[in-house]
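For reference, the structure is listed below as structure tokens.
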Amino acid sequence: QNTIYILYYLLQYINSGDNGDDSKMSSCLEIKNRLLAKFLESDFEKSDRLVELLLRYDTQSRIAEKKFYISDEAEYAENHSEELEVELMAFHEKLKGGGDLFHRVGSLLAFVSGGSKRCHAHILEQLRLKGSGIGVVKAAVSELISILEDGLQKSHLEKLLAVL
């Protein structure tokens, strides 16, 4: 989990180099290329691991959300709260159950897919073999975008999503 957070924040740093400072841009481009190379080496081992994690956290977050909706807490909230409050409670459970990591892994896969045609093709094939598709990556990034305030992080994720 910590590795996912580190890579996600490294991705944010890399994307911050797009803001015009030539020396920072050069440094960020070098880091980006080195990071992308890591996902190509060892027969795409790290790309495969991201796909596995994405699917695992997607499943875990869906289960957590479903458990909330069938719980007594949800029933009580539905009878005594606004609909939006119930949805927020369910989303909170989804995030705690793996949704936060699902969003971050999805963002990392979008970065890798958008940065390397070979990785993109390999990731698509791995998702297909596991009965899924690029839609799950798009869903992860889209959902994260929907909860972020306007700013650099959101705009970079929107660019990643557009490339997919």
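The values are calculated or read from the model by the stated rules, or taken from the named source; none is laboratory data. Everything quoted here is computed from the prediction, not taken from an experiment. Neighbour counts are summed over all protein chains in view; Cβ atoms, including those assigned to glycine, are modelled from backbone coordinates with ideal geometry. The accessibility values were calculated without ligands, DNA or RNA, using every heavy atom of the protein model including side chains. Shrake-Rupley method; radii C 1.70, N 1.55, O 1.52, S 1.80 Å.
With the structure loaded, tell me whether Leu11 is buried (at least 18 other Cβ atoms within 10 Å of the Cβ) and either at pLDDT below 95 or in a helix (DSSP H, G or I) (or both) or whether it fails that test. Yes, satisfied.
Do we have Gly131 as at pLDDT below 95 and not hydrophobic (A, V, I, L, M, F, W, C) here? Here the answer is no, as Gly131 does not meet what is asked. Residues considered: Gly99, Gly135, Gly131. Of these, the only one that is of a type in the set (Gly, Ala, Ser) and buried (at least 16 other Cβ atoms within 10 Å of the Cβ) is Gly99.
Of everything in the stretch 14-39 that's closer than 30 Å to Gly97 by Cα and open to solvent by less than 50 Å² (accessible area, probe 1.4 Å), which residue is modelled with the lowest pLDDT? If we take residues in the stretch 14-39 being closer than 30 Å to Gly97 by Cα and open to solvent by less than 50 Å² (accessible area, probe 1.4 Å), then Ser16 is modelled with the lowest pLDDT. Scanning the stretch 59-89 for residues that are more than 30 Å from Ser132 (Cβ to Cβ), assigned to a helix (DSSP H, G or I) and small (Gly, Ala, Ser) returns a single hit, Ala77.
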